[in-house]
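The values are calculated or read from the model by the stated rules, or taken from the named source; none is laboratory data. All values derive from a computational prediction rather than experimental measurement. Counting neighbours? That spans all protein chains shown, and the Cβs are built from the backbone with ideal geometry, glycine included.
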Amino acid sequence: MPGHDEADETIGVAISVTSMATMGASPIVEEADALGFDATSFGRNPKIELFNTAELLAGMQPDLPSLEHHGGFRCAASEKGPKPKQGTLCIE
């Protein structure tokens, strides 16, 4: 695709045993902030999310695109008009 950049497709979750709050302005925090957000027709999600194990064990979840049935896809429009007659299958 013209103008397509694979770096635009970056999305991920970084998990650390150290609290991100104690990391301050570390390179990983700066890089995650610099990447920003990924905006699609299905929502706006951070490209890189930072969590520590305590946050995940406490029930926090990453803000990822929907993985539910039909969550990432749109249903096609139904065809209009008369339905064709279904054929028969002769089996002997």
Open item on the list: Would you confirm whether or not segment 60-74 contains a residue that is outside any loop (DSSP other than H, G, I, E, B) and at pLDDT 70 or above?
Closed with: no
Task: Cβ pairs under 7 Å, 6+ apart, first in segment 53-64 and touching a residue at least 12 places away in the same chain (Cβ under 8 Å), second among the β-branched types (Val, Ile, Thr) - done: 53/15; 53/17; 56/15; 62/13
Open item on the list: I need every pair where a residue in segment 25-38 that is closer than 12 Å to residue 50 by Cβ has its Cβ under 6 Å from the Cβ of a residue that is not in a helix (DSSP H, G or I), sequence separation at least 6 or different chains.
Closed with: 32/48; 32/50; 35/47; 35/48
